[in-house]
Amino acid sequence: MDTQDFTEGESKEPGNKGNLNLWQRISGVLWGGPVKTFEDIVGRPGVAAITVLLLAVNFILFLPTIPKVKEFTLWSLQNNPQTASLPAQAVSAATTWAVVVVLVASVLMPLVMWLIMALLLKLFNAFSGENAPFKTLFAVTAYAYLPVLLASVIHTVLVVLSPAQNMHRVNTSLALLLPGDKIDRLYMTLAQIDPFFIWGLVLLTAGGSVAMKVPAVKVGMYVAVLWVLYVLGMGLLSPLPPAGM
Amino acid sequence: MHFLKKKLGKMSWKKLLAGALILGLIVSVVAINLVRNKNTAGIPVKTAKAEIKHIQDNVFATGRVRLVEKQEFYSYEETTVKEITVNPGDPVRKGQVLGLLDAGELDDQFSEAKANYAVRQSELEDALNPRQEEVDKLKADYKRAGADYKNSQKNYERTKQLFDQGAVSAQEMEAAEIDLTAKETAYVNAGASLKIKESGPTGPELASLKAQLEQARNRMELAQREFDRTTLTAEMDGVVIAVEVAEGDHVDPGTRLITIGNTDKVEVTAGVSEADSGRLKTGQKVKVTAAALPDREYTGVLQSVSPGALVEAGNQGSQIEVPVIVRITGDSEGLRTGYTVDLTITTVDRDKALVVPYEAVVEKDGQHKVFVVEKGVARERKVETGLDTELYTEIKSGLKDGDTVIVSPGNIEDGARVSASNNVPPAGGDK
């Protein structure tokens, strides 16, 4: 990613710590100049605004998918021999439960993910670089989540535009390139390789490097190793969905 | 436009490249998703291939090894073990004495019964075959009685002449008459005795004698059996399986003392659950394994299947089982009586059969049908089925090797678009 200084006349100078507002930070992280932006974030790591904003956007993105989630759940239950004859009350409960699960996964899970990533950076920081407060590292992970949020926007739009039956086929990972709908180990592995997520990891590396004052290569190696382990673990060890689903 | 050019002109080429990359990524992701989702997804189904394979179906049970030929010795009354001459594992021969029990009064009872029998036997023998001396004596008695009778007749006639002439008194005449009658009676009796002796006993007398002899013989045999039980004698060749008492032990009636058997001939008794029992037939092959012999595998055949079921109490409540007996056909070395063994009874064994998972076959309108996946579309096919195993159904016609069928098709209709998301892994066929 670009690491040079901001030169836009209307922006405040990003090199001056704590000068950028929330929107300038968002645009700076995504496109303007992540390193300089993270320098600003590290100088004034306000986490409340970005956290609330991201969670709110996630929640808003969740709302238009509710009818699709319900419709897809109903369709899946009706076409599964084991659940085809469920009573209406059970179907209704399952549909509601599916919406709750999607809500938790899309709104709350990012928060958990930021905490875990911040903890991993803090663990790295215990052995390397200058001491960076957890709050600063959390702010870095939250801003590094922006590309994933962008993917969520694309995902929501595609889900809304697609038939409910195709909801599970909407994807932003490399699994998109596989033909057919067969869910095997290759699919599970490629499903973990999402360009938007990788973009987020690059931003995490840049932000972590700035926050801990450690060379980006060093942080990048650490993040890359963890990510490869995560991809392999999820791809090779996570259970395949039941046949027929 | 001019403003945009001016704006872009101020940007570095790196920023432009990054922007282009981001834009390209978004457009690509959206485009690929739109292309992929142009068609509605098929109903996700589980599929499997119709395959030619060796199918086998088994029924499993747990049984216990027992000897086909064995002899168990028990005490029949309260007594003491006098002597034990064998140890477990000793080979024994038919007729070999394995031990002695204290006979107590049984010896005397047997002797007495034997003597009584001899007496009764002698009595009947005498009655049926009289001794010549006795016959001769009766003949002499008869002859003498005849002579006495003749003398008495002459005396009577002489006395009567004298009485008619008045030479003797009436009293003398009456005495002669009485003497004649007595001699006549003695003569007739002697003749009868001789006749009876010469011809032997008849009718009720003979029957009574024979009954007494039979009774004596029964008592003697009973006494002998009771006495013989105190001598533990092998009635077969074999091996001592167990010795459960020692010399000097006091034993109650019914105590098992020694068990011998032929270890070359063993069988297994087991109970098969009622759900599986319908698949059993005598003569089916059986694989026998024992936890005590993990490296060994024995073979046998199902020898008998009980016509009735029993309620067996188990750890998980009572269950209904059908008793079966498995005969070990091959080498049974190492298989000890009392071992718990696992039985694998092969009920179906077909070398080459076209099969599909049994869940793929559905019954519609009284016919067996499957759904074949052709280019993402479910096609209903009528099939003729054969053998059923726990996992597979044999297809005799309607499918060919390699056809993809839907497993548990549920509400799938002919012509429905389906998505085979995960094939059922090919099972080994054998279970």
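The values are calculated or read from the model by the stated rules, or taken from the named source; none is laboratory data. Owing to the predicted nature of the structure, the values given are computational and were not obtained by experimental measurement. Please note: Cβ atoms are built from the backbone with ideal geometry, for glycine as well, and neighbour counts cover all protein chains shown. Only protein heavy atoms, including side chains, enter the accessible area calculation; ligands, DNA and RNA are left aside. Shrake-Rupley method; radii C 1.70, N 1.55, O 1.52, S 1.80 Å.
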Condition check for A:Trp199: of a type in the set (Phe, Trp, Tyr), modelled with pLDDT of 90 or more and open to solvent by 30 Å² or more (accessible area, probe 1.4 Å):
no
Flag if B:Leu124 is touching a helix residue (DSSP H, G or I) at 6+ places or on another chain (Cβ under 7 Å), within 19 Å of B:Asn189 (Cα to Cα) and not hydroxyl-bearing (Ser, Thr, Tyr)
no
Per-region count, segment B:75-98, residues of a type outside the set (D, E, K, R) and within 14 Å of B:Val251 (Cα to Cα):
6
Here are some residues: A:Arg169, A:Arg185. Which one is in contact (Cβ under 8 Å) with a residue 12 or more places away in the chain and loosely packed, with under 15 Cβ neighbours inside 10 Å?
A:Arg185
Taking the stated definitions as given, is B:Ala246 in contact (Cβ under 8 Å) with a residue 24 or more places away in the chain and among the small types (Gly, Ala, Ser)?
yes
Would you check if A:Ala175 is modelled with pLDDT under 90, among the small types (Gly, Ala, Ser) and within 19 Å of the chain's Cα centre (by Cα)?
yes
On the given criteria, is A:Gly200 within 14 Å of chain B (Cβ to nearest Cβ), among the small types (Gly, Ala, Ser) and in contact (Cβ under 8 Å) with a residue 24 or more places away in the chain?
yes
Tell me whether segment B:85-94 contains one or more residues that are hydroxyl-bearing (Ser, Thr, Tyr), surrounded by 12 or more Cβ atoms within 10 Å (Cβ to Cβ) and under 30 Å from B:Arg336 (Cα atoms).
yes
Looking only at residues that are within 7 Å of chain A (Cβ to nearest Cβ) and at pLDDT below 75 in segment B:13-51, which one is least open to solvent (accessible area, probe 1.4 Å)?
B:Ala41
Can you say whether A:Phe38 is open to solvent by 30 Å² or more (accessible area, probe 1.4 Å) and not aliphatic (A, V, I, L, M), as far as the supplied structure shows?
no
Residue under evaluation A:Ile193, criteria (1) surrounded by fewer than 18 Cβ atoms within 10 Å (Cβ to Cβ); (2) within 14 Å of chain B (Cβ to nearest Cβ); (3) in a helix (DSSP H, G or I), criterion not met
(3)
Among (1) open to solvent by less than 40 Å² (accessible area, probe 1.4 Å); (2) assigned to a helix (DSSP H, G or I); (3) among the β-branched types (Val, Ile, Thr), where does A:Val160 come up short?
(1)
Heads up, the helices (runs of 4 or more DSSP H) in segment B:99-203 (entirely inside) with at least 1 residues that are hydrophobic (A, V, I, L, M, F, W, C), within 30 Å of B:Asp252 (Cα to Cα) and touching a residue at least 24 places away in the same chain (Cβ under 8 Å) are B:106-128
If I go through segment A:127-138 residue by residue, how many of them are part of a helix (DSSP H, G or I) and either closer than 13 Å to A:Gly208 by Cα or touching a helix residue (DSSP H, G or I) at 6+ places or on another chain (Cβ under 7 Å) (or both)?
5
Which ones in segment A:172-182 are open to solvent by less than 40 Å² (accessible area, probe 1.4 Å) and closer than 22 Å to A:Val69 by Cα?
A:Thr172, A:Ser173, A:Ala175, A:Leu176, A:Asp181
Given (1) more than 19 Å from the chain's Cα centre (by Cα); (2) not in a helix (DSSP H, G or I), where does B:Lys281 come up short, assuming only one miss?
(1)
Please list, ordered by first then second residue, the pairs with beta carbon atoms under 7 Å, 6 or more apart or interchain, first in segment B:251-262 and basic (Lys, Arg), second open to solvent by 40 Å² or more (accessible area, probe 1.4 Å) and assigned to a strand (DSSP E or B).
B:Arg256/B:Glu72; B:Arg256/B:Tyr74
Please state which of the following conditions B:Leu124 fails to meet, knowing it meets all the rest: (1) at pLDDT below 90; (2) surrounded by fewer than 15 Cβ atoms within 10 Å (Cβ to Cβ); (3) of a type in the set (A, V, I, L, M).
(2)
